[in-house]
Amino acid sequence: MSPTPSSGSAFLPTVAAMTETALTVHQTARPHGFPTPGHFAFVESALPVPGPGTALVENLYWSVDPYHREMMDADFALHAPLEGRTLGRVVDSRDPALREGEIVLHRLGWRTHAVVTPEQTRVIPRFDGAPLSAHLSILGGTGLTAYVGLTRIAELREGQDLFVSAAAGGVGTATGRLARLMGAGRLVGSTGSAAKAAHLTGQVGYDEVFDHRSGPSAELLARAAPDGIDLYMDNVGGEQLEAAISSLRPYGRIVRIGTISQYNSTGTPYALRNLPDIVEKSLRMEGFLVSDYRDVQDELYAFVVPHLQSGRIGLDETVVDGFGGIVDAFLGMLRGENQGKIIVRAAGAAGAAGAGA
C-alpha cells in the first residue's frame, strides 16, 4: 500500500488549507460484496463548537479495522459520521477534566474534529520510546485483543504450539510478538503473500508461515505443523478454522476473533465439515469482545512498554498520510495490502504531538 493517499482524492488540497471547517466520512449505501469508494462520502461542515462539559478534539491518528466492514451491513447509520478508534489533541475545552493539549483516545472518528465528553475519552499516557501510533496498534485495541486472547481466553502456557490466521494483519502480528515473549512453542501463521510470510518469520518471530492461497488450508497447516497445535487464534473463519480443528490436539483451544474471509462474501457461508471433532477431542472454542476487557489495559502497558523501549518488540504498522486517504486505507486493508496495523495519520501529526510521544 502506498504511504500517501491515492491520486483520486481530489479534495486533498482543500483539506490541507482548512482552518475553520471540518470533514467527516459518511457511509452512503449498504455494500453487496466488496465495498467501493462510492459507498462513502466526505462531508464538509463548520468547525464544531464545544458546549459546557465537552471539549473540541483535533484528530491526529485514525484506526481502520476489519470490523468496520461487518458493521457496514447494518450497524452503521447511513449519511452519518462513521465511528472508529481515534487519537486526537484537545484544542478547546469546556470541562476541567479535559485539559487543552492532552492527547486522548475516543471512538468518534472518521472525522477531522470531534466534540467529546470526558466519559467518551481516555487520556493517553506518554511512554519514552513509544510513538503515539502505538496506542492504536500494539498498545491499543489491536494489542489488547491479542493479549486478552492469549492470556484470558487461550490461557497460553509456555511451550504450547500456536496457529494464527491472518498473521500479517494488526492482530496477527501483535499475537505473534506477544506469544513469542510469553514462551510459546512452535508458532505457525497464514498470510496471503511470500513477502508477508518473510516478514513474519524474519521479523515478528513466527517459525513457519504458509500462503493460504497456495493450496487447501488443511494440507498447508498439516505440513507447517506436522505434530499438531495446541491453540488457534482465528481471525478468518471458514476453511482455515476447519483446518485448525483437524490439527488441534485433544483439549485444544480456539479463540474466535473475527471472520474476515466472509465479510465481503455474497455466497453461502463456508460450512464446517468437522464439527464433531470439537466433541471427540474435547476442544473449547470461545469468542470475546475486547471492549469487555478494558480493565486489562494497564496490564498490557506493563507487559509491552518495557519491550518496546528495549527494542525487543517492533511496531508492525502501515501508515497512510492524510485524512483524505482514510477510505483508500480501509479498502486497501480489506484487500490485504497492509502489513501489520493500518493507521491513517494527519498531515504534520508526528511533530504536532511531540517527538517520542
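Residue-by-condition table, conditions (1) polar (S, T, N, Q); (2) closer than 29 Å to residue 204 by Cα; (3) surrounded by fewer than 17 Cβ atoms within 10 Å (Cβ to Cβ):
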position	(1), (2), (3)
63	yes, yes, no
75	no, no, yes
121	yes, no, no
129	no, yes, yes
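Got a sec? Which of 15, 49, 43 is modelled with pLDDT of 95 or more and under 27 Å from the mean Cα position of the chain (by Cα)? Within the list 15, 49, 43, the selection yields 43. Do we find that residue 186 is surrounded by fewer than 17 Cβ atoms within 10 Å (Cβ to Cβ), among the charged types (D, E, K, R) and out of contact with any Leu (no Cβ under 6 Å at 6 or more places or on another chain) in this structure? No: the conditions fail for residue 186.
If you scan region 251-273, which residues turn out to be of a type in the set (A, V, I, L, M, F, W, C) and part of a loop (DSSP other than H, G, I, E, B)? So that I can check it myself, show each step before the final result.
Step one: filter region 251-273 for residues of a type in the set (A, V, I, L, M, F, W, C), giving 254-255, 257, 260, 271-272.
Scanning region 251-273 gives 257, 271, 272.
Does at least one position in region 160-167 carry a residue that is in contact with a Phe, Trp or Tyr (Cβ under 9 Å, 6 or more places away or on another chain) and surrounded by fewer than 16 Cβ atoms within 10 Å (Cβ to Cβ)? The answer is no; no qualifying residue exists.
Once region 92-148 is narrowed to residues that are hydroxyl-bearing (Ser, Thr, Tyr) and outside any strand (DSSP E or B), the residue that is nearest to residue 42 (Cα to Cα) is 112.
Of the strands (runs of 3 or more DSSP E) that lie entirely inside region 172-250, those containing 2 or more residues that are modelled with pLDDT of 95 or more and more than 23 Å from residue 138 (Cα to Cα) span 208-211, 229-234. Can you tell me which residue within region 125-149, out of those that are under 13 Å from residue 173 (Cβ atoms) and of a type in the set (S, T, N, Q), is nearest to the chain's Cα centre (by Cα)? Per the stated criteria, the residue is 142. The condition (being under 17 Å from the mean Cα position of the chain (by Cα) and outside the structural domain of residue 335 (by TED's automatic domain parsing)) is satisfied by just one residue among 187, 178, 231: 178. Would you mind stating whether residue 246 is in contact (Cβ under 8 Å) with a residue 24 or more places away in the chain and assigned by TED's automatic domain parsing to the domain that holds residue 164? Against the criterion (in contact (Cβ under 8 Å) with a residue 24 or more places away in the chain and assigned by TED's automatic domain parsing to the domain that holds residue 164), residue 246 qualifies.
Given the options 236, 209, name the one that is in contact (Cβ under 8 Å) with a residue 40 or more places away in the chain and either over 17 Å from the mean Cα position of the chain (by Cα) or farther than 27 Å from residue 152 by Cβ (or both).
Details: 236 fails: either over 17 Å from the mean Cα position of the chain (by Cα) or farther than 27 Å from residue 152 by Cβ (or both).
When all the criteria are applied, what remains is 209.
Only a single criterion out of (1) under 26 Å from residue 220 (Cβ atoms); (2) buried (at least 24 other Cβ atoms within 10 Å of the Cβ) is not satisfied by residue 138, namely (1).
Consider region 274-316 and keep the residues that are of a type in the set (Lys, Arg) and not in a loop (DSSP other than H, G, I, E, B). The one that is surrounded by the most Cβ atoms within 10 Å (Cβ to Cβ) is 284. Mind checking whether some residue in region 211-228 is buried (at least 21 other Cβ atoms within 10 Å of the Cβ), farther than 27 Å from residue 195 by Cβ and in contact with a Gly (Cβ under 9 Å, 6 or more places away or on another chain)? No, region 211-228 contains no residue that is buried (at least 21 other Cβ atoms within 10 Å of the Cβ), farther than 27 Å from residue 195 by Cβ and in contact with a Gly (Cβ under 9 Å, 6 or more places away or on another chain). Tell me yes or no: at least one residue of region 326-336 is out of contact with any Pro (no Cβ under 7 Å at 6 or more places or on another chain), modelled with pLDDT of 95 or more, over 25 Å from residue 200 (Cβ atoms) and surrounded by 15 or more Cβ atoms within 10 Å (Cβ to Cβ). Within region 326-336, one or more residues are out of contact with any Pro (no Cβ under 7 Å at 6 or more places or on another chain), modelled with pLDDT of 95 or more, over 25 Å from residue 200 (Cβ atoms) and surrounded by 15 or more Cβ atoms within 10 Å (Cβ to Cβ). Scanning region 81-102 for residues that are among the β-branched types (Val, Ile, Thr) and surrounded by 21 or more Cβ atoms within 10 Å (Cβ to Cβ) yields 86, 90.
What residue, of 142, 117, is in contact with a Gly (Cβ under 9 Å, 6 or more places away or on another chain) and either over 22 Å from residue 314 (Cβ atoms) or acidic (Asp, Glu) (or both)? Can you show your working first?
Numbers: 142 fails: either over 22 Å from residue 314 (Cβ atoms) or acidic (Asp, Glu) (or both).
Of 142, 117, the one residue that is in contact with a Gly (Cβ under 9 Å, 6 or more places away or on another chain) and either over 22 Å from residue 314 (Cβ atoms) or acidic (Asp, Glu) (or both) is 117.
The values are calculated or read from the model by the stated rules, or taken from the named source; none is laboratory data. Note that the structure is predicted; figures quoted are calculated from it, not measured. Neighbour counts are summed over all protein chains in view; Cβ atoms, including those assigned to glycine, are modelled from backbone coordinates with ideal geometry.
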